[in-house]
Every structure is written in C-alpha cells, then in structure tokens.
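The values are calculated or read from the model by the stated rules, or taken from the named source; none is laboratory data. These numbers were taken from a predicted model, which means no experiment stands behind them. Please note: Cβ atoms are built from the backbone with ideal geometry, for glycine as well, and neighbour counts cover all protein chains shown. Heads up: the accessible areas ignore ligands, DNA and RNA and are worked out on the full protein's heavy atoms, side chains in. Shrake-Rupley method; radii C 1.70, N 1.55, O 1.52, S 1.80 Å.
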Amino acid sequence: PRYRPDWASLDARPLPAWFDRAKVGVFVHWGVFSVPAWGSEWFWWHWQGLHDAAYERFVRRRFPPGTTYAEFAPRFTAHDFQPRQWAELFQRAGARYVVLTTKHHEGFANWGSPVSWNWNSVDTGPHRDLVGELGEALRERNLRYGLYHSLMEWFNPLYLADKQNDFKTQSFVLKKTMPELYDLVLKYKPDLIWSDGDWEAPDSYWNSTSFLAWLYNDSPVKDTVVVNDRWGRGCSCHHGGFYNCADKYRPGSLPEHKWEMCSSLDKLSWGYRSNLSLAEVMDEMSMIEELVQTVSLGGNYLLNVGPTKEGVIVPIFQERLLALGRWLDTNGEAIYESQPWRVQVENTTDTVWYTSKGPVVFAIFLLWPRDSVLRLSSPIPSPGTQVTLLGFGGTLEWQQEPGKGMLITLPYMLPSPVPPQSGWVVKLEGVK
C-alpha cells in the first residue's frame, strides 16, 4: 500500500522486524560541542542562549576575548578518528545497530551538507565525511546504521525568523531541514532515522508527514527504514515508528507499542566532557540492569558514548562497552530476538526479570541469592521441566514449592567479600 502523508496512514505501517530483534544499539554524540567539552552538548545554548554565568566564566578563562562558537569548529579535528576501530568496538559491545549524530541543535553537519556552507565537517574542522566513513565501517561488519538528526537549530537566522512568525512561515524547513534529511537518506541509505529537536513547532511546520510518506513509499530504504517519534510538538509517544517518549524513559509496565530507552554512560551529559569523573560514569551493574529491564518490557536499549574532538572513545567508555559485550556473549540468548513473557518482573522482587523465545522462558536475576537457591513464583513447572544456567554446563536441580512456583539450586559460588557484579540467566524449558 502507498502511505498517505497523515498520521493515521503512517502509524499503520508495520515496523520492520530487524529493529525489534536487534535489542541493543550504541548512540554517538559528536560535534563542535566536543571542543569546549564542558557542561554538555548544549554548551552553545547555555553559553549564548541562556548566558549562564558558569559557561561565560569557562569561556573567559580558556579562550581569547571575543571568541565565538564558530571558532571552535576548526579545533574539531577528528585527527584520531578510526571508523573501523569504532565499528569493531561497537560490535564487541554486542550492538546490532549504531546511531550517529549527523547534526545536533548547533547545526554543524558531520557530512558535506549542500545547505550548510562552511558549517560542516567537510568544509571545516576534520575536512572529512564523518557520516559516510562510519557508515562504511559499520556495514563491513553487518551492523545497522542509524542517523540522528536535529530538525531545529538554536541560532539559525532562518529558524529564528520562522519562530518569530509563530511558525507560520517555513523558510528554514524548506531551505535547510528538509533538503538535509533527503540528502542524508539518498546519500547514506540509513536503516534508522532518529529525529530530535522537534518540540518547539507542530509537525505541520516541519512537513514531517510528507517526508515520512516519501520515506516509506519511494525512498531507497522504504522497506527497511525505522524512525522514532520526535516529528513535532506532541508527537512523542504518539506518532512515528518506535517510541522514545523522553530521554532515559522507563515505563512502569509493558507498553503496547515498540519503544526504545536511550541512556548515556556519562550520567550528566551525552557529549564528551573533559572533566568527567569516574563517579559520573554508569557502572557495569547499572548498565546491565537497564538493559535487562528495558528488554523485559519489550524495549530496545540504546547506550550513548561521547567521543573527544579528536575522535577518541575514552578508555573508561571502551571498558564499559566491552563489559556489556562480554555479558551478552554469555547471556545474549535471553536478549536478542526475545519477546516479553506473560510476566515481566517477579512480583516479590524487582531483581528477577523475564524474557521468552517461543516456549522457552528466561529468568534473569540481578542479585545472586545468598543461599544459592533461586526462588521463582511465576513459572509453572511440569515433570519434564529442564533448567540450565547460561554460561554453565549441565542442568540444575529444582523442586516445586507448593503453591509458590520453583526453587532452583544454583551452582556453588566461592565465598567472596564482594558479590559477583552482574546478572545471570536461568533458561527454563517446559514451564508455563
């Protein structure tokens, strides 16, 4: 069927199956904001939109008087950017897709945008097509490629003029936003478009529905592309492909619609900060907990890193990503291609979460029980029930607790003052 440029028609499009199967992605926030590398990727807005005293002081101390944000661009060098190394890291992290910022709210394009003269990575700064280079490296490893794109630009004169006119005019959309979106799709054929920067104006201003109708009907990626829900004020959590709803969104119960949780390894920022401290980095346990809870509730987990202006993903972020990958090497069977089970979380505790694949049920427990006996009240066993621990050879003994489900005897763990750090999975076959 051809899709009409209205939400009723566009929302009826089935979500391409690859996205739900993938479950795990890596998000990358990279741009001119990686040069001051302070506060967050909203640096320019805090500094010159809000005139925040802390940001003004930071610039006074570190840069010559009269410095403008545009002068940061030549320092965005990407000297050490090795797209193949990034792709290898993301694959080892267990990611099945990667989303790169092609353009944040600062308006700087990470590719040779034909409508962003001298404010793009080919004309200035790296003098490289960052979007294209990363795309090639990811595709060599069969990873799906997503493009983040901000509809708005804080200080673009065309946008500010439209805003002044209460968005009754569309100069910015017609001359900047839409040409860039079409260019990105035709040039890079993305698997995913992660839209943002939509909240100030309605979707009718952005021409979102016309763009999506073209994307689904006539674009080179019409059958495979997936989009999120940020296409205009009020669209979030209501319209689009999968729902983000809000940054770091956590639903309390199983949503009816496919969704994604985006989270960041730096708890305070999405872009790189040079003054990052270890306490501000998500630990391995929290990362696995977020992943498990998200997937149990039918979501995808998109975990963000912010590279430096030179294009380095700092070692602490690499370490966390590799830890996630090691966990998935052992326990990925309970994550990838899984479905929510009839019960998502054990009702007596929030430390046991469930996923399923056909008749197989996975119980993911985040804390190792003190007596090495795992109590599960939700699964109903049968005489033929088999229990195994992922990553551990052989079957586990279990018994039925009258009216209370199952008691599973886990392998003996060596006594240690520090409990083991992350989740484990028991695979249940022959339960209801």
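Asp80 contributes an accessible area of around 80 Å² to the protein surface, as traced by a 1.4 Å probe with all chains present.
In this structure, no residue pair taken from Lys23/Lys357; Lys103/Lys187; Lys187/Lys222 has a Cα-Cα separation over 22 Å. Accessible area per residue (1.4 Å probe, heavy atoms of protein chains only) ranks Leu15, Leu407 as Leu15, Leu407, with the largest value leading. With the full set of protein chains in place, find how many percent of the accessible area of the chain is carbon and sulfur; take the probe as 1.4 Å. That fraction is 52 percent.
Put a plus charge on the Cβ of each Lys and Arg, a minus charge on the Cβ of each Asp and Glu, and nothing anywhere else: the dipole of the chain about its Cα centre is then about 160 debye. Expressed as a rounded percentage, what relative contact order does the chain have, with Cα pairs under 8 Å and six or more residues apart? Relative contact order, the chain: 17 percent.
Test of understanding: in a Gaussian network model of the chain with alpha carbons linked when under 10 Å, which of Gly240, Gly391, Gly252 would top the mean-square fluctuation ranking? Maximum among the listed residues: Gly252.
Rolling a 1.4 angstrom probe over the protein heavy atoms, how many square angstrom per residue are accessible across segment 339-431?
54
Across the options Asn217, Gln339, Ser204, the greatest Cα extent toward the positive end of the charge dipole of the chain (unit charges at beta carbon of Lys, Arg, Asp, Glu) belongs to Asn217. Judged by a Cβ-Cβ distance under 4.7 Å, the unpaired cysteines of the chain are Cys235, Cys262. Dipole check for segment 334-432: with +1 at the C-beta of Lys and Arg, -1 at the C-beta of Asp and Glu, and the Cα centre as origin, the magnitude is about 120 Debye. Cα centroids of segment 222-294 and segment 12-73: how far apart, whole angstrom? So the separation of the two Cα centres works out to 17 Å. Per residue, segment 1-83 exposes 48 Å² of accessible surface when a 1.4 Å probe is rolled over the protein heavy atoms with every protein chain present. Taking every DSSP helix (H) stretch of at least 4 residues in the chain, weighting each as -39,500 (n - 2.57) and dividing the sum by the residue count yields a mean residue ellipticity at 222 nm of -7000 deg cm²/dmol. Solvent-accessible surface of segment 206-289, averaged per residue with a 1.4 angstrom probe and all protein chains in place: 39 square angstrom.
Arranged from highest to lowest average of other beta-carbon atoms within 10 Å per residue, in what order do the peptides 64-70, 52-58 appear?
52-58, 64-70
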